[in-house]
Amino acid sequence: MTYDSRPDTHEHINQVRAYLMRATHELLYRSEEHDRSKLLSPEVEVFNRVTPRLRELTYGSDEYKASLVEMGEALTHHYQHNRHHPEHHENGIKDMNLIDVLEMLCDWAAACKRHADGDIYKSIRMNAERFGFSAEFERLLNNTVEALDLRA
C-alpha cells in the first residue's frame, strides 16, 4: 500500500491555520486596546499639553527629546502599561515577542504621520541606534513596512 500524504498535509494546514488564528486574535485585541492608557489620568493631561508641540518637532531632535523628558511620570506610566514599547521590558526589544514588535512598528508608522517630516525608514534607523537592535532586525522591520505598505 502506498502512502497518501494528503491527510497529513491537511492536518498540518489545519494546525498552522489554528496558530495563525491565535495570532490574528491577539492582533485584533491589540488593535482595540492600543494606547488606551493615553485616554486616562495620569497620561491624558500631559499628552493634551505636549502632543501639539511634538507634532511641530522633528522626531529624535534635541527639542523632541526634551519634550519627552518633560512628560516625566506620564510617559513612564505609558511605557509601564503598553508592552509594545521597548521601555516596557527589562531588556528592551530582547524581551518582546513578534506581536509586540508588529504593534510597535505600526505605532512608529502612525506616529510618522503626525510630523511633516515623518519618515518610517528614518524612524527605524534612529530606533535601531536608540534600542541597539541589529541590522538584520532593522531589515526585517523595513521589509515589513514594504509588505504592509505602512508608508501610506
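Find out how many positive minus negative residues lie around Tyr64, taking Lys and Arg as positive, Asp and Glu as negative, among other residues whose Cβ is under 10 Å from that of Tyr64.
-1
Where in the chain are the helices, taken as whole DSSP H runs, whose Cα atoms extend 18 angstrom or more along the long axis and whose Kyte-Doolittle mean reaches at least 0.5?
Within the chain the helices that satisfy the rule are 98-112.
Which of the lysines could a cross-linker span from Lys38 if the Cα-Cα distance has to be under 21 Å and same-chain partners fewer than 8 positions apart are dropped?
Result set, ordered by chain and number: Lys65, Lys113.
Percent relative contact order of segment 35-137, based on C-alpha pairs within less than 8 angstrom and at least six residues apart?
24 percent
Which of rounded, prolate, oblate describes segment 56-152, given a ≥ b ≥ c as roots of the alpha-carbon gyration tensor eigenvalues and a/c under 1.5 marking rounded, otherwise prolate only if a/b is larger than b/c?
Oblate, since a/c reaches 1.5 and b/c is not below a/b.
Rule-based calculations on the coordinates, nothing more; no lab input. Given the structure is predicted, the values throughout are model-derived calculations rather than measurements. When we count neighbours, we look across all protein chains shown, and the Cβ atoms used for this are built from the backbone with ideal geometry, even at glycine.
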